[in-house]
1. List the distances, in nm to one decimal, from the label point of residue B:19 to the label points of the same position in every other copy, shortest first, placing each label point 7 Å from Cα along the Cα-to-Cβ direction.
2. Go through region A:306-318 residue by residue and turn each phi into a ³J(HN,Hα) via Karplus (6.51, -1.76, 1.60, θ = phi - 60°); whole Hz please, and just put x for glycine and proline.
3. Can you give the FRET efficiency for residue A:238 and residue A:129, using 1/(1 + (r/R0)^6), R0 = 41 Å, r = Cβ-Cβ distance, to the nearest 0.05?
4. At a cut-off of 30 Å², which residues of region C:343-363 become less accessible once all protein chains are present than in their chain alone, using a 1.4 Å probe?
5. At a Förster distance of 45 Å, what's the computed FRET efficiency of residue C:215 paired with residue A:270, Cβ-Cβ distance as r, to 0.05?
6. Just add up the charged neighbours of residue A:120: K/R +1, D/E -1, any other residue whose Cβ is under 13 Å from the Cβ of residue A:120.
7. Please give the residues from region D:9-37 for which the solvent-accessible area of heavy atoms, probe 1.4 Å, is smaller by at least 40 Å² with all protein chains in place than with the chain isolated.
8. Give me the angle, in degrees from 0 to 90, between the Cα long axis of helix C:262-282 and the longest principal axis of the Cα atoms of chain C, rounded to the nearest 10.
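The values are calculated or read from the model by the stated rules, or taken from the named source; none is laboratory data. Everything quoted here is computed from the prediction, not taken from an experiment. Neighbour counts run over all protein chains shown; Cβ positions are idealised from the backbone, glycine included. These area figures cover heavy atoms from the full protein model, side chains too; ligands, DNA and RNA do not enter into them. Shrake-Rupley method; radii C 1.70, N 1.55, O 1.52, S 1.80 Å.
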4 protein chains.
Amino acid sequence: MIKTPKLVMIPGPTPVTRSIQDQMGRETVAFGDPFFVQDYKDVLADLKELWKCSGEVFVVAGSGTLAMEMAIANITKRGDSVLICSNGYFGDRFIDMCQRKGLEVDVLSAKWGTSVTAEEVEKKLSEKKYDVVTVTHVETSTGAAAPIDAIGKVVKAHGALYVVDGVAASAGAEEYMDPMGIDVLLSCTQKAFGVAPGLAILWASKEAVEKRRSLGTIPESYADFEKWLPVMHDPSKYWGTPAINLVWALKESIRIIKEEGIEERYNRHLRQAALVDAALEAMGFRVAAEKPFRAPTLSVYLYPEGANVNDAEFRTVLAEEGAQTAGCLADFAGKGFRMGHMGNVDKHILVSAVAAVERAAMRCGIDIEPGKGLGVLQKGLAEEH
Amino acid sequence: MIKTPKLVMIPGPTPVTRSIQDQMGRETVAFGDPFFVQDYKDVLADLKELWKCSGEVFVVAGSGTLAMEMAIANITKRGDSVLICSNGYFGDRFIDMCQRKGLEVDVLSAKWGTSVTAEEVEKKLSEKKYDVVTVTHVETSTGAAAPIDAIGKVVKAHGALYVVDGVAASAGAEEYMDPMGIDVLLSCTQKAFGVAPGLAILWASKEAVEKRRSLGTIPESYADFEKWLPVMHDPSKYWGTPAINLVWALKESIRIIKEEGIEERYNRHLRQAALVDAALEAMGFRVAAEKPFRAPTLSVYLYPEGANVNDAEFRTVLAEEGAQTAGCLADFAGKGFRMGHMGNVDKHILVSAVAAVERAAMRCGIDIEPGKGLGVLQKGLAEEH
Amino acid sequence: MIKTPKLVMIPGPTPVTRSIQDQMGRETVAFGDPFFVQDYKDVLADLKELWKCSGEVFVVAGSGTLAMEMAIANITKRGDSVLICSNGYFGDRFIDMCQRKGLEVDVLSAKWGTSVTAEEVEKKLSEKKYDVVTVTHVETSTGAAAPIDAIGKVVKAHGALYVVDGVAASAGAEEYMDPMGIDVLLSCTQKAFGVAPGLAILWASKEAVEKRRSLGTIPESYADFEKWLPVMHDPSKYWGTPAINLVWALKESIRIIKEEGIEERYNRHLRQAALVDAALEAMGFRVAAEKPFRAPTLSVYLYPEGANVNDAEFRTVLAEEGAQTAGCLADFAGKGFRMGHMGNVDKHILVSAVAAVERAAMRCGIDIEPGKGLGVLQKGLAEEH
Amino acid sequence: MIKTPKLVMIPGPTPVTRSIQDQMGRETVAFGDPFFVQDYKDVLADLKELWKCSGEVFVVAGSGTLAMEMAIANITKRGDSVLICSNGYFGDRFIDMCQRKGLEVDVLSAKWGTSVTAEEVEKKLSEKKYDVVTVTHVETSTGAAAPIDAIGKVVKAHGALYVVDGVAASAGAEEYMDPMGIDVLLSCTQKAFGVAPGLAILWASKEAVEKRRSLGTIPESYADFEKWLPVMHDPSKYWGTPAINLVWALKESIRIIKEEGIEERYNRHLRQAALVDAALEAMGFRVAAEKPFRAPTLSVYLYPEGANVNDAEFRTVLAEEGAQTAGCLADFAGKGFRMGHMGNVDKHILVSAVAAVERAAMRCGIDIEPGKGLGVLQKGLAEEH
């Protein structure tokens, strides 16, 4: 058989469509070129409008990891207390970041596969005064989504600043700045935006920007909102050279988002996640995330009970069959795989990915009825038009 | 749902892989540029070797239709008699072409969905002396393949020149010049080669070239072997400007063919044709071509008996679901659709195309068990690695 | 020094801009895809309008050489008499093409570097009745342009059909069908259109189409207007598969032409030809074409008198310096080089090409004042904005 | 005239060649894809070898500004004393960065257009113990290059850590880690590497890495060497998602560097800088940097004395003529423009850029002899082959 291209079904990067690739491949221009300056402006304005943000937005060369640090660095000073709501590996990444900066850290952890709830946060905030609360919207290690809207209401009621890590969620799972009371939403390009990696994206509320201002000089330079604000207000200004081609790619991604409609995009992600989950369950896989917490953007699929699956072999075979997925972490390590179903994924990609899982299962001796899982998916997709 | 890209599943053009697209998109150079001249030479040498041709090969800007005319124009003169073995619409296209050139034409026609056989040709050649016999290797209107090897033996035994139309076959169905006694094999780029349309390809035996020489001046210029031979022997020479980017694209296609191995490529086409046919039969569709004559490169699928399908609507829905197919012709018009499964089609493409047919069937009210046809396909594909 | 890319300064192909390359590199679609059908329609409609043609237009996979044959094949029958006005090698190519088809051929030849004039044609047509007169608009072997408008008036007055070979002219030198009385204008994509090679383009007057109709069946198939007319009227119809990506590339070329304005485009070619000619004259080169006949699209530059230049070496050095040019033919062979300055050539390309000639001249021992020729060019270009 | 594309002649980004663009435009893969992991490894290994670095190298999503902060953050702790050798605006950028981190800062400034010398540094280091000395290799605001080798010897003799900012120099001006005693060399992709912006590049000596280790936990996360080291040793490990397409683009840039030979590349930059400077001087412009300090990668060109040039107008006209340049800063603001001549610039680019300056000068009323400056450039370029 001719070699089957590997679909990028890890939880990011996700499949990058040709029109976005083409923006990446354009001739680079001067960062002060008036046409590029306008493109950058458009990107920033669209991000503010689509995420209902009356504050500020930042698009900076870097990764989601940088975005996490930027979120913390701009709204805290040594000694501030932070409540980290962690649903897994990526939630925990805030701990070290905050401790390094001399913050007092408490962690509210959920069982893997579930999420911290608004009630639990309420309890914590009633017991102690926190300056900042962080939540990971979609936890990439478990496929669990946090109820960010409900938690936001609690955080706001207690007067803390509210940081949401949207890395594995933004542009695929509903996030609105002002309506949800988010103070800093941090994200990046290579997940549900469907762009190549290389840009950090942050939205900041007026309160967050005000907090930054009140801090005076901070030790960080590159991460400093105040250094970037003049550029974000007028991209012809200079602080660090923007990653020009990635900004163009992001612009094309936003065009696609607007064409689809961002609310429909959120709904589509919910529907397609339910379909892919159901398809894999029909094959005997188990979705690691518990029902009310299942993310619309990615899932952890645990191998069928009783099936004696060699994890590394399975994922290698699955990659051969044309779907690159990621191994599980910590509690789930060796027991399943992580698969994204977010961004600009169309019916062909969803069918091809599920079919690849099915063939890998057959090849690895999992007892499966060929076509059964696909039938479940197909039934749902046939209703989508 | 986000828009599903339309896979080009008509019987040509077929899906063009990115590496071939990239050759199309290169900066054009001078046709005398030494690097291009070498590329062109390599293409010609590879085509001769892979098709086991001790004669000549021609790669000329034009379409398969031009290639058909070139085949005839170079080996016939007014008054020559031609036996046209026709299995359908494309076989019949030789009739007018030959009559225009003042040839005496007899037609040996097969029932649609079958092929003229070696025995029938033997009978005809025993009854009358023919200068030329033409056969369409794969008949695009029916999905039937002719037994070109067996017919070749008969034609050679009777001393006629043997023309094979390989348009919907070459690079997907077994064709060897010297071993099969073919005198002119004509083809083009956009079918099993998986290249964009725009090049005519012809292989000619020494006898065919000798026949051309014996004709002296012929009325045609652009189609004249003698005009092109100096160029094919030394592509730095000029007769008409070569379609440079298409030659590069063809070179990349040949690289892919060599990487796969041409014999394995022929075998793969047989296996995948059987799988796609079986998958659609499991959904209730019928393959128009009869069993011994089913082509490895494309099929005509007739709607399930009893299903009250509106042909135009079905194909429109199918295109929406992501597979562009072609309507049927003549006897089969309105009763089904034509679908290619040739060229550089990988597992994702095959699964996506069959899944699109399944969804279209569901949407058009055909009684189908979702996943059943895909299960048949998947079982076969899981064994391919 | 880092390798200098070779500008394609032969008289076609010419430099292909990135936006046209990108059309070549697109994913190929079905030729019946409604979006492609519309693109093809737009191309045909624009070609008719821009060339002021109330008749028909044909865009067919093939080269300019095919276009020449198509022009003849559709408006002549055995025994017709043709007057071929030839200004050089490419004009002469009509002779064999016509003789093969059994036409009675007279040739009116101009001295190399000049053109047949309207007066000479008038004289010929007064002496004998001709069915068809052919003229080569820009003769690629000499850089001479024919006065096609004046000759057209004469031809029309005598009731003959008027064929203009626009291969090295169309889209760079003024050509209007109805106003100039042209019956068949033939061309291709890789010259002043600035597209990769692979398409033949023909415009035909109503009279030409009527003549074709009157001929009944003709021996040629692929070249037959009647076969293509239904497709040109409705590109969803099939005769031969169109070279899809080349049609898109041509569409982008036409967009560029319309953006510039076709009359300004013709004027620009006149101005830039004069500038490049003057620049090379300032270096001591001589323009082979005599003053009133100099083409706006390409020039033959003869080496400075007295300079002992090795032709092959000079052009190799010139290619190293970044300009690929063509050797001269027949009378001019060895005495100079042929250079295009047509199509989508901007100031950078013109300056770079002339600078490359200058450096090659220096390296080959031609006595030259560095910057002198460039100064002439620059003075002119500085006035262009 | 057809629109002239704007060459990116600012001091970065620089012209990105098509082969590098094509790497940017590739389909993004998983960051753990074995082929990408190997590509990333190759990039890192090549950077170490070409820069003669026995320590470590870091390639991280971000800009040169991030690289500056990383350099400081990893080798200093509050209270350390730093000597900043500043030749202009970009040298000064270290001041704020260092002060924010609680460092004790002294600045050794050169007159604009010159550089701090080894002797001056020696004097400073003799007077006071410094933990770190920073030098800007090429100062982008003035076009002056610092004698980094000589300064390195002094710094090493005094036992300080030596930071070199190579942003506008690396891959265009000679830099070797071990031989020059550099402890941290920081750079980015969009200058002499000729890649799009988006990656920070740092080389660190063993001493620098050891210093980082001795600091224990530092407040910064994303900038922390210790977080990245495991990834740089094994790119299949995760800390932040790499900017995959930019890594590929950098790999292609390094391939080009190796093809040219890095020493020849440094020499070429010296030669072409001298040529472009001489060409502009022949037009009456003055090079702002004084003779022994002129950078091989970019120049500040001051308007001819006496010429009454409107700076903004001149640069707008220059952009129209096809060369995008940058305005001057601080002392030079309004008096000239900054132009890069680094990276993958070939003869066509150099000639086109200088010609554009000449035409802009003509159009803006500067008294100039057309072709004179170009003649100077051409004479030099003709000797380059």
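1. Residue B:19 label point versus its equivalents elsewhere: 1.8, 2.8, 3.2 nm.
2. x, 6, 8, 9, 7, 4, 4, 5, 4, 6, 5, 4, 4
3. Efficiency, rounded to the nearest 0.05: 0.55.
4. With the partner chains in place, region C:343-363 has these residues losing at least 30 Å²: C:346, C:347, C:348, C:351, C:352, C:359, C:362, C:363.
5. Once the sixth-power term is evaluated, E becomes 0.10.
6. Residues near residue A:120 contribute -1 overall.
7. D:13, D:18, D:21, D:24, D:25, D:27, D:28, D:30
8. Helix C:262-282 sits at roughly 30 degrees to that axis.
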